[in-house]
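Report on one structure; see the data block that follows.
The values are calculated or read from the model by the stated rules, or taken from the named source; none is laboratory data. From a predicted model like this one, the values you see are computed outputs, not experimental measurements. We place every Cβ from the backbone using ideal geometry, glycine too, and count neighbours over all the protein chains shown.
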Amino acid sequence: MDEKKLEEALNNERNSEIDEDFHSFFEDTVNSLPDKKKFKKRKFAKIAVAGLVAIVISSGATTYGSEILKNIFGVKEVLNDKNTADLYTKYTKDDAINIEIGEYNVTVNNIGYDGSFIVYAYSVERKDGGELEGNGFMGITVGLDIKQSIPKEIKGGYSGSDVDTKIEDNRFSTVVWNDVGKLKLPDIIKGELVVTNHNSSIKKEEKVKIEFAKSKDAIVNTVILDKEIKVDEGSIYLDKIVFSPFAATFHSENRGEFGNHNREEKDPYYYAIFDETGKQIWMGNTSKDWSYDPDTVTKITKTILPQEYIGHSKFIVKVYDSRTSKEIENSAVTIEVPEVK
């Protein structure tokens, strides 16, 4: 999208009618903040919303743009109802690991593993108990190194993301999930927590050895979609959705010539999932794996937070063409959402 079209689209968003329910929720949230934080929070919110508008526009999902912006991260559910950590902590050990790095104390707890995902929470606080000022605390990260537990025959890696991030006066906290379903990990995992301080000119790291077991109570359910959709470039295969108490992953494939799609070109197709009420749910980061075998395939996965499926009964998966903003004919698949306890 060129600059002129982007500016025009942003202006359209600025002039569009504001959803009153979301507006009231946003105002209540901002007004509940301490006075000295309001300016920074408002400024951050404006930057974030502008970025989200640009993401929606660039994704071609303008048909559902307003609903996507309203439901990013399941905004109301995450902030007003259950936290991500509340949904998985009963499957984890609450043993806190405390690590000092620079002027900060880092606490890692609630490490959980269900066979498909590894999840853990961590928080950052100043040693002197003072307020978090500036952005220095954002330079503290906690990674998980489990290479020693991955079978030698497995060549792939693992990836994840932060969710449910909170910034308070004296504390930064977040929940991290890693998608490890393809790694064939053992029931007992050994590795290291790697705490990194990126603020120094010389990067500093602290490492702590850890060991944790697969939860016997966290049940993973896989629902097969098995739907192939013919498109001009080849075909789109809707594969499955893997549900667990920690997160869910949506799996699909681009096949044939489409699987060999020029990687610098934008994929013109996008997915949307709706619940039993017709509300569009939020899906997170997109991960792509390319293969070079004769059946050229691009494997696509997208993450779904537990707030988006726990308590729901049905999902309807649809595929859209961003060039027309229309659903591809006969692309819809309806599934029963398994109960996650």
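List pairs: first in the stretch 111-134 and free of Cβ contacts under 8 Å to residues at least 40 places away in the same chain, second part of a strand (DSSP E or B), Cβ under 6 Å, 6+ apart or cross-chain?
Pairs found: Lys127/Asn105.
It is to be established whether one or more residues within the stretch 76-99 are among the hydrophobic types (A, V, I, L, M, F, W, C), modelled with pLDDT of 90 or more and buried (at least 16 other Cβ atoms within 10 Å of the Cβ).
Checking the stretch 76-99: at least one residue is among the hydrophobic types (A, V, I, L, M, F, W, C), modelled with pLDDT of 90 or more and buried (at least 16 other Cβ atoms within 10 Å of the Cβ).
Please note which strands (runs of 3 or more DSSP E) are completely contained in the stretch 81-143 and include at least 3 residues that are in contact with a helix residue (DSSP H, G or I) (Cβ under 9 Å, 6 or more places away or on another chain) and either among the acidic types (Asp, Glu) or in the same structural domain as Asp162 (by TED's automatic domain parsing) (or both).
104-113, 117-126
Those residues that are closer than 13 Å to Gly115 by Cβ and surrounded by 20 or more Cβ atoms within 10 Å (Cβ to Cβ), I need them from the stretch 184-195; list them, please.
Leu185, Ile189 - these are the residues of the stretch 184-195 that are closer than 13 Å to Gly115 by Cβ and surrounded by 20 or more Cβ atoms within 10 Å (Cβ to Cβ).
Within the stretch 168-192, which residues are under 21 Å from the mean Cα position of the chain (by Cα) and in contact (Cβ under 8 Å) with a residue 40 or more places away in the chain?
Matches in the stretch 168-192: Phe172, Ser173, Thr174, Val175, Val176, Trp177, Asn178, Asp179, Val180, Gly181.
Tell me, which residue of the stretch 127-162 that is closer than 14 Å to Glu103 by Cβ and of a type in the set (D, E, K, R) is modelled with the lowest pLDDT?
Applying the filter and picking the extreme gives Glu133.
If only one of Phe137, Phe117 is in contact with a Phe, Trp or Tyr (Cβ under 6 Å, 6 or more places away or on another chain), surrounded by 12 or more Cβ atoms within 10 Å (Cβ to Cβ) and over 26 Å from Thr301 (Cα atoms), which one is it?
Phe137
On the given criteria, is Thr165 within 23 Å of the chain's Cα centre (by Cα), at pLDDT 90 or above and surrounded by fewer than 19 Cβ atoms within 10 Å (Cβ to Cβ)?
Working: within 23 Å of the chain's Cα centre (by Cα): yes; at pLDDT 90 or above: no; surrounded by fewer than 19 Cβ atoms within 10 Å (Cβ to Cβ): yes.
In short, no.
Please indicate, with yes or no, whether at least one residue in the stretch 209-218 is modelled with pLDDT under 85, assigned to a loop (DSSP other than H, G, I, E, B), in contact with a Ser or Thr (Cβ under 8 Å, 6 or more places away or on another chain) and closer than 18 Å to Phe243 by Cβ.
Yes, the stretch 209-218 contains a residue that is modelled with pLDDT under 85, assigned to a loop (DSSP other than H, G, I, E, B), in contact with a Ser or Thr (Cβ under 8 Å, 6 or more places away or on another chain) and closer than 18 Å to Phe243 by Cβ.
Among the residues of the stretch 223-269, how many are within 21 Å of the chain's Cα centre (by Cα), part of a loop (DSSP other than H, G, I, E, B) and at pLDDT 80 or above?
4
Pull up the stretch 323-338, narrow it to residues that are hydroxyl-bearing (Ser, Thr, Tyr) and in contact with a strand residue (DSSP E or B) (Cβ under 6 Å, 6 or more places away or on another chain), then point me to the one that is nearest to Ile281 (Cα to Cα). Reasoning before the result, please.
Residues of the stretch 323-338 that are hydroxyl-bearing (Ser, Thr, Tyr), as a first pass: 324-325, 331, 334.
After this cut, where a residue has to be in contact with a strand residue (DSSP E or B) (Cβ under 6 Å, 6 or more places away or on another chain) as well, the list is 331, 334.
Numbers: Ser331: 17, Thr334: 14 Å.
Checked the stretch 323-338; the qualifying residue nearest to Ile281 (Cα to Cα) is Thr334.
Would you please list the contacts, defined by Cβ atoms under 6 Å and residues six or more apart or on different chains, that run from a residue in the stretch 84-108 that is within 13 Å of Ser173 (Cβ to Cβ) to a residue that is at pLDDT 75 or above and outside any strand (DSSP E or B)?
Partner pairs satisfying both residue conditions: Asn105/Lys127; Thr107/Ala96.
Under 8 Å by Cβ, and 6 or more places apart or on different chains, what pairs join a residue from the stretch 322-341 that is within 15 Å of Ile273 (Cα to Cα) with one that is aromatic (Phe, Trp, Tyr) and in a loop (DSSP other than H, G, I, E, B)?
Val337/Tyr309
Within the stretch 148-174, how many residues turn out to be closer than 16 Å to Ile118 by Cα and among the acidic types (Asp, Glu)?
The qualifying residues number 2.
Given the structure, is Gly60 surrounded by 14 or more Cβ atoms within 10 Å (Cβ to Cβ), at pLDDT below 50 and in a loop (DSSP other than H, G, I, E, B)?
In short, yes.
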